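What follows draws every value from the coordinates through simple rules; no lab data is involved. Everything numeric in this text was worked out from a predicted model, so none of it was measured. When we count neighbours, we look across all protein chains shown, and the Cβ atoms used for this are built from the backbone with ideal geometry, even at glycine.
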Amino acid sequence: MAVNKEEELYKPIKAYYEQRGYTVKSEVLHCDLVAMLPDGSDAVIVEMKKTFNLALLLQGIERLRINDNVVLAVERNRKKSGAHNQRFSDITELCRMLGIGFMTVTFFKTKAPVIEMLCEPGEMPQRGIRRKKQARLLQEFRERSGDYNVGGSTGRKLVTAYREKALRIAYALQRNGMLSPSKITAITGSAKTGDMLRSNYYGWFERVERGKYRLLPSGSAALEEYAEVIAEWVAALPE
């Protein structure tokens, strides 16, 4: 059951903090909700929106300038049509990185709303750097001979390090005719030549007989299309 206004989140969130011993008041210095323990030892600012957006995030960051404990609250929409952009795990990690708490409120037709505190204010991030992906990123960067793509473009074939290697294999076959993987490796310097010929990812190569490959017309067309990609490499080859 989706809410119509963000103010509908107030009562269940207020009840959540009151059950934990806080006194709750609304619209204190423009803060949606402020909860404070009776002895004043802890205070929490909660900012609410129907859905998570940049405005809410910036509001939370602004509230950190006046209080250490800030929580952002949004509705958890149970309908598929309303949940397509609710990437709660990513949002939770973002809030952790900023030191902000994050909660969701789920509404039902026949029972009380359910609150989930996905992270508390000041909680440490749980996701560290993924070292394997970092290694792949650096390797891909190093193995590309140049910058042949346009950042942010979609629907275009990317020139990857793999494609460059495949183009070099194609050139070796075009220049020398049928070759074995070992002879192609000697020309291209790529240790993965055999695997690339067998997988034939782009459909450029054909196995003629055991240990012999040739270039297909599709490979020749690719060499024309991506001539600039391997031009420098071709120019450096021995005559």
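The length gained on full extension between Asn53 and Arg207, counted as 0.36 nm times the residue separation minus their Cα-Cα distance, comes to 50.0 nm. If R₀ is 41 angstrom, what is the calculated FRET efficiency for the pair Gln126 and Glu8, using the beta carbon separation as r and rounding to 0.05? So, using R0 = 41 Å, E works out to roughly 0.85. In summary, the aspartates and glutamates within cross-link reach of Lys212, defined as a Cα separation below 18 angstrom excluding same-chain residues under 8 places away, comprise Asp195. Taking label positions 7 Å along the Cα-Cβ direction at both Ser89 and Ala43, the computed distance is 3.7 nm, reported to one decimal. Here volume of the Cα convex hull per residue in Å³ was calculated from the structure, and among [x] 121; [y] 142; [z] 194 it sits at label [z]. Entry for the stretch 145-235 at q = 0.10, 0.15, 0.24 Å⁻¹: log10 I(q)/I(0) = -0.24, -0.53, -1.28, Debye formula applied to identical alpha-carbon scatterers, no solvent contribution.
With 23 Å as the limit on Cα-Cα distance, the pairs of Lys25/Lys109; Lys132/Lys183; Lys14/Lys111; Lys5/Lys25 that go past it are Lys25/Lys109; Lys132/Lys183. Shown is the FRET efficiency for Ser182 and Glu228, computed with R0 = 30 Å from the Cβ-Cβ distance and rounded to the nearest 0.05: 0.55. Taking trypsin sites (Lys or Arg not before Pro) across the stretch 135-209, the ones in a DSSP loop with at most 13 further Cβ atoms lying within 10 angstrom of their Cβ are Arg156, Lys157.
Look at Arg130, Arg76 and count the other Cβ atoms within 10 Å of each Cβ; fewest to most, that gives Arg130, Arg76.
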